[in-house]
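The values are calculated or read from the model by the stated rules, or taken from the named source; none is laboratory data. Computed from a predicted model, the values in this text were never measured in an experiment. Cβ coordinates were reconstructed from backbone atoms using ideal geometry, including for glycine residues, and neighbour counts include every protein chain displayed.
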2 protein chains.
Amino acid sequence: MRTRLLSAPDLALLVRRVGIDTLMDDTIARLFRSCRDYDVERFDIPVRSGFFYTSPQTGLLEWMPAHEMGRGITVKLVGYHPANPSRERLPTILSALLRFDTVTGRVTGVVDGNFLTALRTGAASAVASRLLADPEARTLGLIGCGAQAVTQLHAISRVFDLARVQVFDVEPTVSASFRARVERLGIEQLTIETVAPEAVVAGADILCTQTSVAIGAGPVFADRNVPPRLHVNAVGSDFPGKTEVPRSLLERALVCPDVVAQAVHEGECQQLDGDVAGPDLPTLVRNAVDGRYPHDGVSVFDSTGWALEDHVTAEVLFAHADRLGIGADIELQSHGHDPLDPYGFVDNAAPVSAVDAARTARR
Amino acid sequence: MRTRLLSAPDLALLVRRVGIDTLMDDTIARLFRSCRDYDVERFDIPVRSGFFYTSPQTGLLEWMPAHEMGRGITVKLVGYHPANPSRERLPTILSALLRFDTVTGRVTGVVDGNFLTALRTGAASAVASRLLADPEARTLGLIGCGAQAVTQLHAISRVFDLARVQVFDVEPTVSASFRARVERLGIEQLTIETVAPEAVVAGADILCTQTSVAIGAGPVFADRNVPPRLHVNAVGSDFPGKTEVPRSLLERALVCPDVVAQAVHEGECQQLDGDVAGPDLPTLVRNAVDGRYPHDGVSVFDSTGWALEDHVTAEVLFAHADRLGIGADIELQSHGHDPLDPYGFVDNAAPVSAVDAARTARR
């Protein structure tokens, strides 16, 4: 009973072989198709749940399950620990994903969720922006220049012909290092400037917010000089009380959550009274005309993070890995010759972990 | 950022090195202590949730999270697919467990959950039986002789001086093979007989039920000739509508669930009206007098499976593995030199998975 393991070095190899742009393009395309074909009869995706704690550090650990009937289940485990970069030199968001078949319930795959989460969060904003933003958008604004900002820029640069990026972070060292962190993305022609948050907003065609703003401390920009057709991807709001976008802006905007039930609980939609959330991501995709959802004025994609995004991104990663023979087959789950003997696996012939023997060699 | 992987071959080595009896004894002792010290202020263990489906096979996949404040989080993913043994030659219950630290949210360990679930389910019945059954119990009855029956016998044989085991399974081949499946347990002196279910019940001091009875098809034995001081470990009831014990017996017994909120939803307690469940496992342990919870008459341990059991069993396995240097350190979760660069891990020096390099060698 084999489980395919895609660890960090496996994914590094995958990126080198496939290319980061192709992986992002595939994720965007796959997410777009999955939203178009999304059928609540075929998917069971409960609102995520988790543990929140303030000791030893402020942290959140959540489980995000998704069941695609007849095709499989994925469960992503994801932590949000905002002190990680400064205290531990680790990413704020750490994650892993398991996939299961629904014939036997066995674990068919385990994959790093850090890279996956970054990819899919970018891809979701790309899908929403393509549907909601001005197709001629040239200027991207970024508020919050951490890890998620890199993939926001990357994803949006794949679907818009960007000319300029204006960025702001409350930590000057973080905005200062942003250019170096996106150099691998082949966007040499882009102007990247650090400016004040009001200038980021005023100059943007598309604005992405991805901050670690504290609970109750939002918004992260003022509702002043907002361009009349601005599209906002509000990425950082993903916990009760944590919001980034001014309420007055939300009240006049077309607000599109990834998934309504989650967004009203932990997204920007928390700030809206009653049932005023606009179409969710699948509804946007299905009602697009010539690739765009018809609307005027300001739009906000309320991106809380949806397990469907993780589910399809895992498919992209495993499909490329399978094709290229990347990853290891491990004997994660014990069983002996007799399925009714829980200790029978102890007698199994191989005395050494199958990891060593089974690691595929087509490198 | 290393994750300790305990795969099936690692656990096989662990069992050979430590001994299955020591692992069971340690799990029983650790669970007993954890119940005694259990403090709802220190643990957050939500009622489990999951996906239930009838296509392509009848199956259930659940997540069982447990947060021990300041010490860590475990999340067990567990599938129940009753057609596995006959159709796939795989165990009915397949599982894996991840552990996390709550400082950073990283995955500190991944371990096979099949062996762990078998161990802990046995250990829970041993703890409950020691508290509730006649200390002089000599005869164990087993209804349902699959994988979980092996660990029920194993665990109870570690805390009672058993002389005789009477077993029944609706599949004669399953009861016939039971003896062979418990031979490794060093219980040569035990008489093991296959008898009719009513004889199993009538002869038992302790009775364990662990069947795959269909939803709505219970009970699995009749309330006739029940010994007046019988203790029942009802192990198989773990889903709405799935029950094993006659309602009339429950109504006159002291019914002790592992965790009340779960048992009333999916355990034998489903059959009881209103708030008539007895003390839960921690309450039993804390109110023991000379190691036994004072009561007369029939008792039932309503074992639905509790994430605390998984949490402490994982501790036992990881502690032995760490001590013996068993397992592999894998780079499951990606991160580069700069925690703010989600793609930085692609540049990491090691081009080959850390699994190969880091597997510990003290075998």
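Pairs meeting the criteria (first residue in the range B:220-235 and on the phi < 0 side of the Ramachandran plot, second residue charged (D, E, K, R) and surrounded by fewer than 21 Cβ atoms within 10 Å (Cβ to Cβ), beta carbons under 6 Å, at least 6 apart or on different chains) are B:R229/B:D134. Of the residues B:V255, B:V264, the single one that is surrounded by 24 or more Cβ atoms within 10 Å (Cβ to Cβ), touching a Leu at 6+ places or on another chain (Cβ under 8 Å) and not in a loop (DSSP other than H, G, I, E, B) is B:V255. Examine the range A:132-146 for a residue that is outside any loop (DSSP other than H, G, I, E, B), within 14 Å of chain B (Cβ to nearest Cβ) and among the small types (G, A, S), and state whether such a residue exists. No, the range A:132-146 contains no residue that is outside any loop (DSSP other than H, G, I, E, B), within 14 Å of chain B (Cβ to nearest Cβ) and among the small types (G, A, S).
Condition check: among the hydroxyl-bearing types (S, T, Y) and either under 17 Å from A:G122 (Cβ atoms) or crowded, with 21+ Cβ neighbours inside 10 Å (or both). Does A:T194 satisfy that? Judged against the criteria, A:T194 is not a match. Do we find a residue being closer than 22 Å to A:T304 by Cβ and in contact with a Ser or Thr (Cβ under 6 Å, 6 or more places away or on another chain) anywhere in the range A:211-218? Yes, the range A:211-218 contains a residue that is closer than 22 Å to A:T304 by Cβ and in contact with a Ser or Thr (Cβ under 6 Å, 6 or more places away or on another chain). The residues listed here are A:E251, A:E183, A:E198, A:E244; of these, the one that is among the charged types (D, E, K, R), within 14 Å of chain B (Cβ to nearest Cβ) and either within 25 Å of A:S95 (Cα to Cα) or free of Cβ contacts under 8 Å to residues at least 40 places away in the same chain (or both) is A:E183.
Keeping to the range B:231-252, report how many residues are among the hydrophobic types (A, V, I, L, M, F, W, C), surrounded by fewer than 24 Cβ atoms within 10 Å (Cβ to Cβ) and over 16 Å from the mean Cα position of the chain (by Cα). Talk me through it step by step, then tell me what you get.
Residues of the range B:231-252 that are among the hydrophobic types (A, V, I, L, M, F, W, C), as a first pass: B:232, B:234-235, B:239, B:245, B:249-250.
Now drop any that are not surrounded by fewer than 24 Cβ atoms within 10 Å (Cβ to Cβ), which leaves B:239, B:249.
If we keep only those that are over 16 Å from the mean Cα position of the chain (by Cα) too, we end up with B:249.
Total meeting the criteria: 1.
The set of residues in the range A:94-119 being more than 7 Å from every other protein chain (Cβ to nearest Cβ) and over 27 Å from B:L340 (Cβ atoms) consists of A:R99, A:D101, A:T108, A:G109.
Give A:A196, A:A263 a once-over and let me know the one that is among the small types (G, A, S) and touching a Pro at 6+ places or on another chain (Cβ under 6 Å).
Numbers: A:A196 fails: touching a Pro at 6+ places or on another chain (Cβ under 6 Å).
Selected residue: A:A263, the only one of A:A196, A:A263 that is among the small types (G, A, S) and touching a Pro at 6+ places or on another chain (Cβ under 6 Å).
Quick one: which of B:L140, B:L97, B:L132 is within 16 Å of B:T313 (Cα to Cα) and touching a residue at least 60 places away in the same chain (Cβ under 8 Å)? Show your work before the answer.
On the way: B:L140 fails: within 16 Å of B:T313 (Cα to Cα); B:L132 fails: within 16 Å of B:T313 (Cα to Cα).
Checking each option against the conditions leaves just B:L97.
Among the numbered conditions (1) of a type outside the set (S, T, N, Q); (2) out of contact with any Leu (no Cβ under 8 Å at 6 or more places or on another chain); (3) more than 19 Å from A:I143 (Cβ to Cβ), the only one that A:L249 does not meet is (3). Counting only strands (runs of 3 or more DSSP E) that sit wholly inside the range B:28-93, those with at least 2 residues that are of a type in the set (A, V, I, L, M, F, W, C), facing chain A (nearest Cβ under 9 Å) and in contact (Cβ under 8 Å) with a residue 12 or more places away in the chain are B:59-68, B:72-80. One residue stands out in the range A:147-187 among those that are outside any loop (DSSP other than H, G, I, E, B) and among the β-branched types (V, I, T): the one that is farthest from A:T22 (Cα to Cα), namely A:T173. Here is a check on your reading of the model: is B:S157 within 14 Å of chain A (Cβ to nearest Cβ) and under 20 Å from the mean Cα position of the chain (by Cα)? For B:S157, the condition - within 14 Å of chain A (Cβ to nearest Cβ) and under 20 Å from the mean Cα position of the chain (by Cα) - is met.
Residue-by-condition table, conditions (1) small (G, A, S); (2) closer than 22 Å to A:G236 by Cβ:
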{"site": "A:L23", "(1), (2)": "no, no"}
{"site": "A:S34", "(1), (2)": "yes, no"}
{"site": "A:F52", "(1), (2)": "no, yes"}
{"site": "A:V75", "(1), (2)": "no, no"}
{"site": "A:R87", "(1), (2)": "no, yes"}
{"site": "A:S95", "(1), (2)": "yes, yes"}
{"site": "A:L98", "(1), (2)": "no, no"}
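Taking the stated definitions as given, is A:I20 facing chain B (nearest Cβ under 7 Å) and not hydroxyl-bearing (S, T, Y)? Working first, answer last.
Details: facing chain B (nearest Cβ under 7 Å): yes; not hydroxyl-bearing (S, T, Y): yes.
For A:I20, the condition - facing chain B (nearest Cβ under 7 Å) and not hydroxyl-bearing (S, T, Y) - is met.
Do we find that B:G122 is in a helix (DSSP H, G or I), more than 8 Å from every other protein chain (Cβ to nearest Cβ) and modelled with pLDDT of 95 or more in this structure?
Working: in a helix (DSSP H, G or I): yes; more than 8 Å from every other protein chain (Cβ to nearest Cβ): yes; modelled with pLDDT of 95 or more: yes.
Against the criterion (in a helix (DSSP H, G or I), more than 8 Å from every other protein chain (Cβ to nearest Cβ) and modelled with pLDDT of 95 or more), B:G122 qualifies.
Sort through B:E309, B:E331 and tell me the only one that's at pLDDT 95 or above and within 12 Å of chain A (Cβ to nearest Cβ).
Working: B:E309 fails: within 12 Å of chain A (Cβ to nearest Cβ).
Matching residue, one of B:E309, B:E331: B:E331.
Across the range B:3-58, what is the total count of residues that are touching a His at 6+ places or on another chain (Cβ under 9 Å), surrounded by 17 or more Cβ atoms within 10 Å (Cβ to Cβ) and more than 30 Å from B:P240 (Cα to Cα)? Residues flagged as touching a His at 6+ places or on another chain (Cβ under 9 Å), surrounded by 17 or more Cβ atoms within 10 Å (Cβ to Cβ) and more than 30 Å from B:P240 (Cα to Cα) within the range B:3-58 amount to 6.
For B:S212, all conditions in the list (1) surrounded by fewer than 24 Cβ atoms within 10 Å (Cβ to Cβ); (2) among the polar types (S, T, N, Q); (3) more than 26 Å from B:E136 (Cβ to Cβ); (4) touching an Asp or Glu at 6+ places or on another chain (Cβ under 7 Å) hold save one; what is the number of the exception? Checking B:S212 against (1) surrounded by fewer than 24 Cβ atoms within 10 Å (Cβ to Cβ); (2) among the polar types (S, T, N, Q); (3) more than 26 Å from B:E136 (Cβ to Cβ); (4) touching an Asp or Glu at 6+ places or on another chain (Cβ under 7 Å), the one that fails is (4).
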